[in-house]
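The values are calculated or read from the model by the stated rules, or taken from the named source; none is laboratory data. As the structure is a prediction and not an experimental result, all values here were calculated from the model. With ideal geometry, Cβ positions are generated from the backbone for all residues, glycine too; neighbour counts draw on all protein chains shown.
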Amino acid sequence: MAIECSGRADEASGPGDRATPVPTAAPDLSPPARLVPLLALACGSSVATVYFAQPLLVTLGERFALGPALLGTIVTVTQLGYAAGLLLLVPLGDLLDRRRLITAQLGLLALALLGAGLAPGAAALLGALAAVGLLAVVAQTMVAAAAALTTPARRGRAVGTVTGGIVTGILLARAAAGALADLAGWRAVYLVSAGVTALLAVLLRRALPSTLRPAMPPSEGAGKMSYGRLVASTVTLFVRHPLLRIRGALALLVFAAFSTLWSTVAQPLSGPPWSLSHTAIGAFGLAGAAGAAAAGVAGRWNDRGLAQRTTGAGLALLTLSWLPIGLTGQSLWALAGGAVLLDFAVQAVHVTNQTMIHAVRPDAGSRIIGGYMVFYSAGSGLGALGSSLAYAVAGWPMVTALGAAFSLAALLLWATTRRTTVVGPTGDIG
């Protein structure tokens, strides 16, 4: 029941910051008040499963006799599974009943987590974690569902709330996994998560509307489009609509900056002059989680027609956040403050991106968000790889310079494309 827009997609069609009110063919049918927070919780819980292994790598290496050179495969197989899911599973949200799709994927994710928690050997563990990554993309299907269930006037708020849940899950996953592993062992992390995921599947089965179906136009109806064409159409959408490519490129650069910080910050904190414990290092994820509040704020600004201003302000703040982050060697307070600013900025831009791209083709929301998140994954990988090399070459100053460069590049890209006006062949804004 995706709600289609007629007219302009937020600000994508012109240089001004305020959008002309968009008439809608559907009545103002808002989801139940409890549903959006429940979707946010389920999104955060699902995405967190991708990051549980990171603080457990040493323990998993010892348990399964994996040498240092093989430890990275634990993270790699999970990320590869996630990337595959973005391309192969998320587009199904535009073809199948989303209520059944979401609850089925959550149920299968619970089984994959159970398999990881009970894995008897390395091969079984890696296979289970690949399945965890593949199925964790249900979070993106839930983002598309939240957008489809909400009228355009309130869509930014709903997307902001659900996205805030995702970011909170990412930032808290490492701390939660480390604490639970210390209390009950590493298997408990996956077994407890399996139980929580199964419970969320039951709750969403009851809370989601029973007719949460995609709204494809007649030319792309569910009865006419094959699965292969559906997946291929994701690429076609990004070729056809420049706005999707621009916002995807912004996501790549923004999350490269995000990953530059969070993939490397443990190294300067674990050495002199701080020599912090793993628990203390994980606490900085809690500081960064405060920045997730930006998701709701950005959603409200988007609903007021201020998407371009939100993007520009967020990218400027992202660039400036590297000034206090660069002082990590002298002040932990500076790092904490910089992390809050960085996460606040990243979420403001991320919510704005998703709100704008969904308005381009509401009937293709799942495919668009899945394709967009491929840019996100590429940026996260680029930041992690680049920051590791930078720290090995010249330490934290080089990492700070790299993060600032990603941020400044995103700001310059926005500044040079914010007034671009392109109308797609169907009349949609692109």
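Given the criteria in contact with a helix residue (DSSP H, G or I) (Cβ under 8 Å, 6 or more places away or on another chain), in contact (Cβ under 8 Å) with a residue 60 or more places away in the chain and among the polar types (S, T, N, Q), does SER270 qualify? Here the answer is no, as SER270 does not meet what is asked. Screening the candidates LEU60, LEU87 for the property of being touching a helix residue (DSSP H, G or I) at 6+ places or on another chain (Cβ under 7 Å), under 27 Å from VAL202 (Cα atoms) and touching a residue at least 24 places away in the same chain (Cβ under 8 Å) yields one hit, LEU87.
The residue list ALA184, ALA153, ALA176 contains one member that is of a type in the set (A, V, I, L, M, F, W, C), in contact with a Pro (Cβ under 9 Å, 6 or more places away or on another chain) and surrounded by fewer than 23 Cβ atoms within 10 Å (Cβ to Cβ), which is ALA153.
So that you can scan it fast, the table gives a plain yes or no per residue for (1) more than 18 Å from MET373 (Cα to Cα); (2) within 14 Å of the chain's Cα centre (by Cα); (3) in the same structural domain as GLY81 (by TED's automatic domain parsing):
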| site | (1), (2), (3) |
| --- | --- |
| ALA147 | no, no, yes |
| VAL159 | no, yes, yes |
| GLY165 | no, yes, yes |
| ALA176 | yes, no, yes |
| TRP186 | yes, no, yes |
| ALA198 | yes, no, yes |
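Scanning the range 228-246 for residues that are in contact with an Asp or Glu (Cβ under 8 Å, 6 or more places away or on another chain) and assigned to a helix (DSSP H, G or I), we see that the one that is surrounded by the fewest Cβ atoms within 10 Å (Cβ to Cβ) is SER233. Screening ALA348 against (1) small (Gly, Ala, Ser); (2) at pLDDT 85 or above; (3) touching a Leu at 6+ places or on another chain (Cβ under 7 Å); (4) surrounded by 24 or more Cβ atoms within 10 Å (Cβ to Cβ) leaves a single unmet condition, (3). In the condition set (1) modelled with pLDDT of 85 or more; (2) of a type outside the set (Gly, Ala, Ser); (3) not in a loop (DSSP other than H, G, I, E, B), LEU327 is compliant with all but (3).
Listed here are the residues, each with its yes/no results for (1) farther than 18 Å from GLN347 by Cβ; (2) assigned to a helix (DSSP H, G or I); (3) without any contact (Cβ under 8 Å) to a residue 40 or more places away in the chain.
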position: GLY156; (1), (2), (3): no, yes, no
position: VAL159; (1), (2), (3): no, yes, no
position: LEU172; (1), (2), (3): no, yes, no
position: ALA179; (1), (2), (3): yes, yes, no
position: VAL192; (1), (2), (3): yes, yes, yes
position: LEU199; (1), (2), (3): yes, yes, yes
position: LEU203; (1), (2), (3): yes, yes, no
position: SER210; (1), (2), (3): yes, no, no
